[in-house]
Amino acid sequence: MNKVSIYQKINEILVDEFEVDEEVISPAASLKESLDLDSLDYVDLVVIIESNFGVKLVEADFAGMVTFQDFYDVVERKIAAKN
Amino acid sequence: MSKRVVITGMGIYSCIGTNLEEVRNSLFEGRSGIVIDKERIQFGFKSPLTGMVPAPDLKAVLSRRQRISMGEESEYAYLATVEALEQAKLREEDILQREMGILYGNDSVSKAVIETTDIVRDKRDTQLIGSGAIFKSMNSTVTMNLATIFGLSGVNMTISAACASGSHAIGMGFMFIQQGLQDLIICGGAQEINPYAMASFDGLGVFATDIDHPEQASRPFDKRRTGLVPSGGAATVILESYESAVKRGAPIVAEVVGYGFSSNGGHISTPNIEGPAKAMRRALVQANLRPQDVTYINAHATSTPLGDANEAKAILEVFGGNPYVSSTKSMTGHECWMAGASEIVYSTLMMQHGFIAPNINLVEPDDDIKELNFVSHAIKQEFDIYLSNSFGFGGTNSALVVKKFNE
C-alpha cells in the first residue's frame with residue numbers, strides 16, 4: 001500500500017465512519033480540533049485503523065500527534081513495520 | 001396530599017405500526033404483525049415466528065457519538081419518545097429548562113453482549129471492541145442513552161422486571177409524581193428483536209408452533225393456543241403532574257389512577273392465580289374504584305396454555321364476567337419488556353377513540369373461562385376506565401388502572 005492510498009483510505013474512513021466534513025481534512029490541520037475528538041473517539045480510531053490496515057495504534061502513538069499529517073505518518077510507519 | 005398523574009403524550013414503535021395513527025388503525029382492524037424470521041430457522045429455533053419492526057435509520061437525526069452507544073432497543077425507544085414528546089408539546093428547549101426524568105423498562109441487551117464477546121473471542125484484545133459497546137451492553141442502555149440525548153436532569157433509571165418491566169416503569173413514574181418528587185417523567189418499555197435475545201426462551205418450548213399461519217399463531221385464551229410469539233419495539237408515555245400539565249397548557253390524554261403490584265413467591269416460570277389477583281385488587285384500592293367501575297381489561301395473556309387460564313381465573317375472581325376482556329398480544333405477539341407500556345398506549349388509544357380492540361384468533365375459549373366477556377371482534381364502545389395487566393418470570397405482577405381525563 002503506497003503513501004497516497006493510505007492517506008486516501010484514512011480520509012475516506014474519517015468521512016464515512018466519523019462523519020467528518022471532507023473540507024476540514026488537510027495535512028496541516030489540527031486533528032483534535034478538526035475532528036472534535038473526545039476520549040471515546042480515540043478508542044474508535046484504534047478499532048477502525050486496525051480493521052482497515054491490520055495495525056494497532058497505542059496510547060503512545062497519539063502522544064505527539066497534532067496534525068492529520070502526523071496521523072498519516074504514524075499509520076504509514078506501523079504498516080511499514082508490519083511488512 | 002397526593003398529586004394527580006396524567007398522561008400528556010404517547011409514542012409507539014411496534015410491529016402493528018410505527019406511530020400512533022398506524023397502530024390505532026391496526027388495533028381497530030385486528031391486524032396481526034406476526035411474520036416468519038427465516039434467520040431463526042438457520043439459528044436452530046423451534047419456532048421462527050416473531051413480531052418484526054423496520055430497522056430505524058437515525059443518521060439524519062443523531063450524531064455518530066450518540067448513535068454508536070445505541071442498540072436496537074434504544075433506537076426504538078428514541079423514536080417512540082420523540083413521538084410522545086411531540087404529542088405532549090415538549091420541545092427540546094422546554095425539556096432543558098425543567099427537571100424531567102426517565103423510568104424505562106428493559107430487561108436484556110443480548111445482541112450487544114454477544115457481539116461484543118464475539119469480537120474479544122476473535123481479536124483477543126479488549127481495546128478492539130470499540131467505545132459504544134459498554135453503553136449498549138448494560139440493561140440500563142435505554143435510559144442512559146435517552147437521558148443523554150434529551151438532556152434530562154430528573155430521576156434516571158431502568159426498571160427490569162421481566163415481561164412486566166414496562167408496566168412497573170409506568171407504575172414507578174406514577175408513584176414519583178403522585179408523591180410530588182417529580183413533575184414530568186418519560187416512562188415506557190423497550191424490547192430488542194433478534195434471535196440472540198429469544199433463543200433461550202425458544203428453548204423452553206413455549207413459543208407458538210403454527211408456522212404455516214403466522215397471523216393466527218398468537219391466540220390468547222383460545223383452546224387451540226400453542227404458545228406465545230415473541231415480539232418487540234418500544235412504547236413511551238409522558239407522565240406529568242396535573243398541575244404541571246395545566247400550567248403549560250399541555251393536552252391531557254388520560255389519567256393514571258392506580259398501580260397494583262405483587263409477587264407470586266412460587267415457581268420461576270409457572271404463574272398462579274393469587275398473585276395477579278392481588279395486584280389487580282391493589283390497583284383498584286389505590287384508584288378508589290370498585291370492580292364494576294372497570295369497563296375494559298387489557299389482559300397480559302400471552303397465548304400460553306397455563307398463563308392465560310390462570311389470568312382468566314384471576315380476572316373472574318376479582319371482576320366476575322362483566323368487563324370486556326381482550327389480549328392485544330393476539331395481534332402484536334408478546335412484546336416482553338415493552339408490553340406493559342405498549343399495552344397502556346394501545347388501551348388508551350382505544351379509550352380515546354371509542355372502541356375495544358379484538359382478541360383475534362379467539363374462536364373458542366377454555367371451558368372453565370367462558371364466563372369472561374371476551375372481545376373477539378372489534379367493537380365500538382365508549383369507555384372511561386380500563387385496567388392493564390402485566391406479569392413476568394419470577395412471579396412479578398403489575399396492574400395499572402387508567403381513566404379518561406375529567407376535570
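Each reported figure results from applying straightforward, stated rules to the coordinates on display, with no laboratory input. Because the structure is predicted, anything quoted here is derived from the model rather than measured. Cβ: placed from backbone, ideal geometry, glycine included. Neighbour counts: every protein chain shown.
If R0 is taken as 30 Å, the Cβ-Cβ distance between A:Gln8 and B:Arg64 corresponds to a FRET efficiency of 0.90.
Only Cα pairs under 8 Å and 6+ residues apart enter the sum, and on that basis the relative contact order of the stretch B:282-387 stands at 35 percent. Give the percent of DSSP beta bridges with both residues in the protein assembly as shown that are antiparallel, rounded to the nearest 5. Given both bridge residues lie in the protein assembly as shown, the antiparallel proportion sits at roughly 70 percent.
Springs between alpha-carbon pairs under 10 angstrom, Gaussian network model over chain B: which of B:Glu240, B:Glu382, B:Glu72 fluctuates most? With Cα springs under 10 Å in chain B, the top fluctuation among B:Glu240, B:Glu382, B:Glu72 is at B:Glu382.
Counts of other chain beta carbons within 10 angstrom of each beta carbon in peptide A:47-54 average 2. Our helix-only sum for chain B, with -39,500 (n - 2.57) per DSSP H run of n ≥ 4 divided by its residues, gives a mean residue ellipticity at 222 nm of -10500 deg cm²/dmol. For B:Ser108, the shell of other residues with beta-carbons less than 13 Å away shows a net charge of -3, using +1 for Lys and Arg and -1 for Asp and Glu. All other residues whose Cβ lies under 14 angstrom from that of B:Gly166 are scored, Lys and Arg at +1 and Asp and Glu at -1, for a net of -4. By the beta-carbon count within 10 Å of each Cβ, the least crowded to most crowded order of B:Thr117, B:Thr295, B:Thr50, B:Thr304, fewest first, is B:Thr117, B:Thr295, B:Thr304, B:Thr50. Based on C-alpha pairs under 8 angstrom that are at least 6 apart in sequence, chain B has a relative contact order of 24 percent. For B:Asn373, nonlocal amide neighbours, meaning residues 5 or more places apart or on other chains whose placed amide H falls under 5 Å from its own, are B:Val325.
B:Asp122 to B:Met1: FRET efficiency via 1/(1 + (r/R0)^6), r the Cβ-Cβ distance, R0 51 Å, to the nearest 0.05? Efficiency at R0 = 51 Å is approximately 0.30. Determine the distance separating the Cα centre of the stretch B:325-395 from the Cα centre of the stretch B:270-312; give it in Å without decimals. Cα centroid to Cα centroid, the span is 12 Å. For the stretch B:173-184, backbone phi angles converted through the Karplus equation (6.51, -1.76, 1.60; θ = phi - 60°) give residue-by-residue couplings of x, 4, 5, 4, 6, 4, 7, x, 7, 9, 10, 8 Hz, Gly and Pro being listed as x.
B:Lys3 sits among other residues whose Cβ lies under 13 Å from its own Cβ, and their net charge, with Lys and Arg +1 and Asp and Glu -1, is -2. First check a/c for the stretch B:266-400, with a ≥ b ≥ c the square roots of the eigenvalues of its C-alpha gyration tensor; if it is under 1.5, answer rounded, and if not, answer prolate when a/b is larger than b/c or oblate otherwise. Here the stretch B:266-400 falls in the rounded category. The 3J(HN,Hα) values that the Karplus relation (6.51, -1.76, 1.60; θ = phi - 60°) gives for the stretch B:296-307 are, in residue order, 9, 10, 8, 6, 5, 2, 9, 5, 8, x, 6, x Hz. Gly and Pro appear as x. Shape of the stretch A:3-82 from the C-alpha gyration tensor: rounded (a/c under 1.5, with a ≥ b ≥ c the square roots of its eigenvalues). Residues B:Asp37, B:Asp212, B:Asp308 in ascending order of nearby Cβ atoms (within 10 Å, fewest first): B:Asp212, B:Asp37, B:Asp308.
The mean number of Cβ atoms from other chains found within 10 Å of a Cβ in peptide A:36-43 is 3, as a whole number.
A simple packing score, the average count of other Cβ atoms within 10 Å per residue, orders the peptides B:39-47, B:63-71, B:332-340 as B:332-340, B:63-71, B:39-47, with the highest score first. Neighbour counts of C-beta atoms inside 10 Å place B:Thr236, B:Thr126, B:Thr116, B:Thr141 in the sequence B:Thr126, B:Thr116, B:Thr141, B:Thr236, starting with the fewest. For A:Val58, project a label point 7 Å along Cα to C-beta. Then give me every residue of the stretch A:23-41 with its amide nitrogen under 12 Å of that point. Inside the label zone: nothing. For B:Lys111, the lysines whose Cα falls under 29 Å of its own Cα, not counting residues fewer than eight places away in the same chain, are A:Lys56, B:Lys38, B:Lys46, B:Lys59, B:Lys123, B:Lys136, B:Lys329.
Once the Cβ-Cβ distance of B:Val285 and B:Lys404 is raised to the sixth power relative to R0 = 35 Å, the FRET efficiency obtained is 0.95. Placing a pseudo-label 7 Å from each Cα along the Cα-to-Cβ vector at B:Phe43 and B:Ala55 gives an inter-label distance of 1.3 nm.
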